[in-house]
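Student: First, the structure itself, so that you have it in front of you.
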Number of protein chains: 2
Amino acid sequence: MTLYHIDFEPVGRRGDCADDQSILAAARKLSVDLVSICGGLGSCGRCQVQIVAGQVSPLTADEEIALTPREIEQGYRLACQTFPLSDVKVHVPAQSLTAPQRTQVEGLDVAAQPDPPVCHFDVQIAPPTLHSPIADDRSLWNALAEQHQVQPGIVDFRVAQILSPRLRDLNWSVRVGLRGNEIVALGSPAQRLLGFAADIGTTKIAGYLVDLETGQTLASQGLMNPQISYGEDVVTRIDLARRSSADAERMRQLLTDALNQMLDGLCTQVHVQSEQIVEAVIVGNTAIHHLFLRLPVIQLGLAPYIPAMRAALDIKAHDLGLRLAPGAYVHLLPNIAGYAGADHVAMILATRIAETDGIILALDIGTNTEICLNHRGRLASVSCASGPAFEGAHIQFGMRAAPGAIEHMRMTQDQIEYQIIGGGVPVGICGSGLLDVVAQLRLNGVLNRHGQMQNHPRVRETNGVREFVLVSEQQRPGQKAIVVSQLDVRELQLAKGAIRAGIQVLVESEGIAEQDIGRVIIAGAFGTFIDVASAVTIGMLPTLPRDCFSQVGNAAGTGARLALISREQRARAQAIAERAGYIELASVPGFQRKFAQATFLG
Amino acid sequence: MTLYHIDFEPVGRRGDCADDQSILAAARKLSVDLVSICGGLGSCGRCQVQIVAGQVSPLTADEEIALTPREIEQGYRLACQTFPLSDVKVHVPAQSLTAPQRTQVEGLDVAAQPDPPVCHFDVQIAPPTLHSPIADDRSLWNALAEQHQVQPGIVDFRVAQILSPRLRDLNWSVRVGLRGNEIVALGSPAQRLLGFAADIGTTKIAGYLVDLETGQTLASQGLMNPQISYGEDVVTRIDLARRSSADAERMRQLLTDALNQMLDGLCTQVHVQSEQIVEAVIVGNTAIHHLFLRLPVIQLGLAPYIPAMRAALDIKAHDLGLRLAPGAYVHLLPNIAGYAGADHVAMILATRIAETDGIILALDIGTNTEICLNHRGRLASVSCASGPAFEGAHIQFGMRAAPGAIEHMRMTQDQIEYQIIGGGVPVGICGSGLLDVVAQLRLNGVLNRHGQMQNHPRVRETNGVREFVLVSEQQRPGQKAIVVSQLDVRELQLAKGAIRAGIQVLVESEGIAEQDIGRVIIAGAFGTFIDVASAVTIGMLPTLPRDCFSQVGNAAGTGARLALISREQRARAQAIAERAGYIELASVPGFQRKFAQATFLG
């Protein structure tokens, strides 16, 4: 029997799989909840997974029945029929999971007067005759001028391609979606005009379907970013994209497919057609933005980390492969720098820190943590390479915030209490859980200021590495204990040190002290679930009164929605990107020392 | 032995082919000059033809070697290896012909001050550094602002996709092609900015490569419109397109391929890259325009013949599949009506009749003949269904103006002289030849006013139809005599009657007489080669002093070039389309009687 390493993405669970063990069995052992109705007989066809890397056993006859040729070509397999022949990386599509993964769509309210870029006009058109053989575009503009005083403009090429039959099918009574002077959609007068906003994170995507005229969010959905299969962090993906344009194209296609799937889901939720979506706003970090648009990334991946495009962009949805109204535009908010992207601009927009007089810090914590300081109207940003520890990567029992993850922990003397996502038995530890564990160990003296693990009844040594037993073998019969090792603590120290050093650089560059900060806004999916006290305890965040901190959820998603429904908000986003100063940490003298200092536990 | 009908396109030669006769043999019999280096052994692979309709013998082993799988899939065969099993229609690609077909690219001079829509700016950019990590788009706009006072605008999406590597490859010294506020091209400072103009006719395409800054035409090329394989006239093609979107797509693809092939040829002629072409102007009749853009044509094919789009359009070359600069636009001049398209506007623009005070008539004669009357500043147009007789279709020995065609003829008593395109032996009669023949027969009393053929030594009867022997069997040993039959004369009468009736409708609608016309401008490929005296003799054109007439060649091509190099000319074209009245002949009371009258020979 040979043991191989197996990595389930995007759930982020990793472990061993014997060569005589099916991928379904490995998934169960690692508590990845794959659907399996037939119980592994190969007959229900539900436990589909995609083999992203590594060798596996040949296709079985059952699989040839259950999978389409296209799926087979794309590496799809039935987990119950497939055995590893090497280390493997497995992508688990959302529909193959029994319990959905937690993604973050909630955020600040969308508090802006709707002033959408696309407006509707209902017109009644006189049909042409032999004596008045007026061209269809002309008839439409005539009716718009007469009935709404709209001056003739242009018709989107793809709207032009459907104009004539559509006018006739709708009996010459239509609703026109007008963007500036361009007709981007043409439907029946009964159809509402909708918008789509998305925040594409490195690991998660949050999408929103919005009524453009009321500004109301009709539906929202979270999804994992399927590009994770190509790399946990954007640096890996950039590297891959610049080495292989085929991989770059595949990553783009994966993302586009995911967005289209999300669009379908959102439209189904509220019983509308995707053709009613006449405008979209998409935000993401600069790398995601570039990979999505197939902009070159080689100059982004190497110092001095230059974005190809900083300006806001309006690109036809058609050119991006998104299924919206035929002439719909996708608006991409501007980027600030190579590691401060449109999502950062959206976060600044949604938190309104740019409009406040005080000293405010706003952070979006993740694999990269972008931080913006507003010092009496001056905006400055940094981006910290906080690494994937918060997502559970490089942590022995780490996992994403999925069912079974320990998300919070308290320790009173030797007594340990924890909270598990979805209840049930613990499977691993997610980022917020790890933060709590390290804070509690520090408070209880199990860790010293340098993060070194001290002697304690729950501390033991395995293969020369100290580890703190969170859930013992006795508590998980037949399974390994869940531990936090000295190495895990080091990983967290690096992550939190990067953030704290970034805050210090910002504060020092403005000639102020951390204690001058009046408010700290913590945005982002991860930031929503962390215990702020723990973050302060380990020194990730400055020691400030508890009521200085607020956790606002997905602010980038809110910013995207603001820019979707309001041209004024879009202009503000533009102004933010123009105003925001950016400090490249690598260019700050003595930054490495500052960073090393910041890794100490508070 | 069975005889099948064979039709060689686009050369327009038709005849019989026995089932034991190869297509190469049939081509030779019908004087279609197919290349055949090996003499029909199947080894040289040069006699490639495309079987468009009908059944033929199976593929031979030689063909499997000579043809690519894609060619085989597209119906390509070696003419020497292929035998008919039914009536067949064969497309002969230009490269399989020994002598090129005559197409018309010459026209009026391009007399306008260049004022091109795309201008160039050379900039030298400061490369980014870690201390000044400016995004590439921003660096470019900064340089444009500092060095040329150009305000920041937008970057075409596909230019954005190459921006970063291009700046670095060119060592930060670039030539920017700016169209309004949009960057559409980015090249080295040594590269001239070029434009492409094309007049796409129902049967022929004329293309021009133009230096945008000097306005000079650098190269021109004529090509047959490959859509001919799908139908001689636009009505057939519209009908096909509305029945089958696959056929519509194939017709579009054929045209796009032909234009790309033309672009390659033009660029090779003057040693430039197609990426230097930063703007194109394309004109064609409304049906060609719609088929090229994949606009719906069903409403165009049925009364009241409504264009989907009348307005001028700016469409990205990328969206049309044309290989120009990444952000280049294709400008399509406006249409006037379903049967008066952008080519008519271009013709009016080039002939400048709209700017003249007198009474001027301009005609573009072809399968459809568009006529515009300028009556002291008022423009009115008609379109006449003159039919394909001028192109040699429906004429027993008719053919297009290709080598071997009798293009002119004079008769003195019984003495006949004719002029053959390319010299050599006569093969058939093209449109201008037929016009001369009918005029000469009328002048010599062989035809009466009604077009009836009278007794004459050269007139005989075959299968109950009278025919005039132009080239006897004795003059073409082993081949049939070349004759003009009573039926051929009728076809020409219909064609010329349609044109004359159109002129009469225009004149009457303005309350003037034909004799008031001060100038007649005859445009178009066919119009260039006709004998005006013959056209007047048969009553196709009004009887006016000879010096009233001028033949200007491809005026639509000239108009396209004017609109290419000058924004002012483009605005004029727009004004022409707005001003031009259009009379739908089908709506004119008593038109049928007028038409019948007009078929009489003068």
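Student: With respect to residue A:504, is the statement that it is surrounded by fewer than 22 Cβ atoms within 10 Å (Cβ to Cβ), without any contact (Cβ under 8 Å) to a residue 60 or more places away in the chain, in a helix (DSSP H, G or I) and out of contact with any Phe, Trp or Tyr (no Cβ under 6 Å at 6 or more places or on another chain) true?
Tutor: Against the criterion (surrounded by fewer than 22 Cβ atoms within 10 Å (Cβ to Cβ), without any contact (Cβ under 8 Å) to a residue 60 or more places away in the chain, in a helix (DSSP H, G or I) and out of contact with any Phe, Trp or Tyr (no Cβ under 6 Å at 6 or more places or on another chain)), residue A:504 does not qualify.
Student: For region B:124-137, which positions are surrounded by 14 or more Cβ atoms within 10 Å (Cβ to Cβ) and either more than 15 Å from residue B:170 (Cβ to Cβ) or facing chain A (nearest Cβ under 8 Å) (or both)?
Tutor: B:128, B:133, B:134, B:135, B:136, B:137
Student: Can you pull out the residues in region B:1-50 that are of a type in the set (Val, Ile, Thr) and either in contact with a helix residue (DSSP H, G or I) (Cβ under 6 Å, 6 or more places away or on another chain) or crowded, with 20+ Cβ neighbours inside 10 Å (or both)?
Tutor: B:6, B:11, B:23, B:32, B:35, B:49
Student: A follow-up question, please. Going through region B:301-330 one residue at a time, which ones are part of a helix (DSSP H, G or I) and more than 8 Å from chain A (Cβ to nearest Cβ)?
Tutor: Matches in region B:301-330: B:301, B:317, B:318, B:320.
Student: Might you check whether a residue that is outside any helix (DSSP H, G or I), touching a Leu at 6+ places or on another chain (Cβ under 8 Å), away from chain A (no Cβ under 14 Å) and surrounded by 15 or more Cβ atoms within 10 Å (Cβ to Cβ) occurs anywhere in region B:138-157?
Tutor: The answer is yes; a qualifying residue exists.
Student: Has region B:249-265 got any residue that is at pLDDT 95 or above, among the hydroxyl-bearing types (Ser, Thr, Tyr) and in a helix (DSSP H, G or I)?
Tutor: Among the residues of region B:249-265, at least one is at pLDDT 95 or above, among the hydroxyl-bearing types (Ser, Thr, Tyr) and in a helix (DSSP H, G or I), which makes the answer yes.
Student: Among the residues of region A:380-411, count how many are over 26 Å from residue A:28 (Cβ atoms) and free of Cβ contacts under 8 Å to residues at least 60 places away in the same chain.
Tutor: 2
Student: Those residues that are more than 16 Å from residue B:213 (Cα to Cα), out of contact with any Lys or Arg (no Cβ under 8 Å at 6 or more places or on another chain) and assigned to a strand (DSSP E or B), I need them from region B:185-201; list them, please.
Tutor: Scanning region B:185-201 gives B:198, B:199, B:200.
Student: Out of B:372, B:430, B:384, I need the residue that is of a type outside the set (D, E, K, R) and either in contact with a Cys (Cβ under 6 Å, 6 or more places away or on another chain) or modelled with pLDDT of 95 or more (or both). Which one?
Tutor: B:372
Student: Out of the residues in region B:230-255 that are of a type in the set (Ser, Thr, Tyr) and surrounded by fewer than 21 Cβ atoms within 10 Å (Cβ to Cβ), which is nearest to residue B:558 (Cα to Cα)?
Tutor: B:236
Student: When only residues in region A:270-286 that are surrounded by fewer than 24 Cβ atoms within 10 Å (Cβ to Cβ) and β-branched (Val, Ile, Thr) count, which is nearest to the other protein chains (Cβ to nearest Cβ)?
Tutor: A:272
Student: For the structure I just gave you, tell me whether residue B:377 is of a type outside the set (Asp, Glu), closer than 30 Å to residue B:580 by Cβ and outside the structural domain of residue B:9 (by TED's automatic domain parsing).
Tutor: In short, yes.
Student: Are any residues in region B:521-545 among the hydroxyl-bearing types (Ser, Thr, Tyr) and part of a helix (DSSP H, G or I), and if so, which ones?
Tutor: Across region B:521-545, the qualifying residues are B:528, B:534, B:537.
Student: Which ones in region A:532-583 are acidic (Asp, Glu) and in contact with a strand residue (DSSP E or B) (Cβ under 7 Å, 6 or more places away or on another chain)?
Tutor: Within region A:532-583, A:568 is the sole residue that qualifies.
Student: Within region B:391-401, does at least one residue satisfy the condition of being modelled with pLDDT under 90, closer than 30 Å to residue B:92 by Cα, touching a helix residue (DSSP H, G or I) at 6+ places or on another chain (Cβ under 9 Å) and not in a loop (DSSP other than H, G, I, E, B)?
Tutor: yes
Student: Go through region B:1-101 and tell me which helices (runs of 4 or more DSSP H), entirely inside it, have 1 or more residues that are closer than 22 Å to residue B:397 by Cβ, in contact (Cβ under 8 Å) with a residue 60 or more places away in the chain and within 26 Å of the chain's Cα centre (by Cα).
Tutor: Answer list for region B:1-101: B:23-29.
Student: Here is a further query. Go through region B:287-300 and count every residue that is at the interface with another protein chain (Cβ under 9 Å from one of its Cβ atoms) and under 12 Å from residue B:340 (Cα atoms).
Tutor: Looking only at that region, the number is 1.
Student: Does any residue of region A:478-488 turn out to be crowded, with 23+ Cβ neighbours inside 10 Å and either assigned to a helix (DSSP H, G or I) or touching a Cys at 6+ places or on another chain (Cβ under 6 Å) (or both)?
Tutor: yes
Student: Only one of (1) more than 28 Å from residue B:329 (Cα to Cα); (2) touching a residue at least 40 places away in the same chain (Cβ under 8 Å); (3) surrounded by 14 or more Cβ atoms within 10 Å (Cβ to Cβ); (4) away from every other protein chain (no Cβ under 14 Å) fails for residue A:176. Which number is that?
Tutor: Unmet condition: (1).
Student: While we're looking at this one, here's another question. Does region A:245-257 contain at least one residue that is closer than 28 Å to residue A:182 by Cα, over 20 Å from the mean Cα position of the chain (by Cα) and not hydroxyl-bearing (Ser, Thr, Tyr)?
Tutor: For region A:245-257, residues closer than 28 Å to residue A:182 by Cα, over 20 Å from the mean Cα position of the chain (by Cα) and not hydroxyl-bearing (Ser, Thr, Tyr): absent.
Student: Another question, if that's okay. Please verify whether residue A:576 is under 25 Å from residue A:333 (Cα atoms) and within 14 Å of another protein chain (Cβ to nearest Cβ), treating the condition exactly as stated.
Tutor: no
Student: While we're on this one: If you take the residues of region A:546-602 that are among the small types (Gly, Ala, Ser) and part of a strand (DSSP E or B), which of them is surrounded by the fewest Cβ atoms within 10 Å (Cβ to Cβ)?
Tutor: A:550
The values are calculated or read from the model by the stated rules, or taken from the named source; none is laboratory data. Here the structure is a predicted model, which is why all the values come from computation and not from measurement. Because the Cβ atoms are built from the backbone with ideal geometry, glycine has one as well, and the counts that use them run over all protein chains shown.
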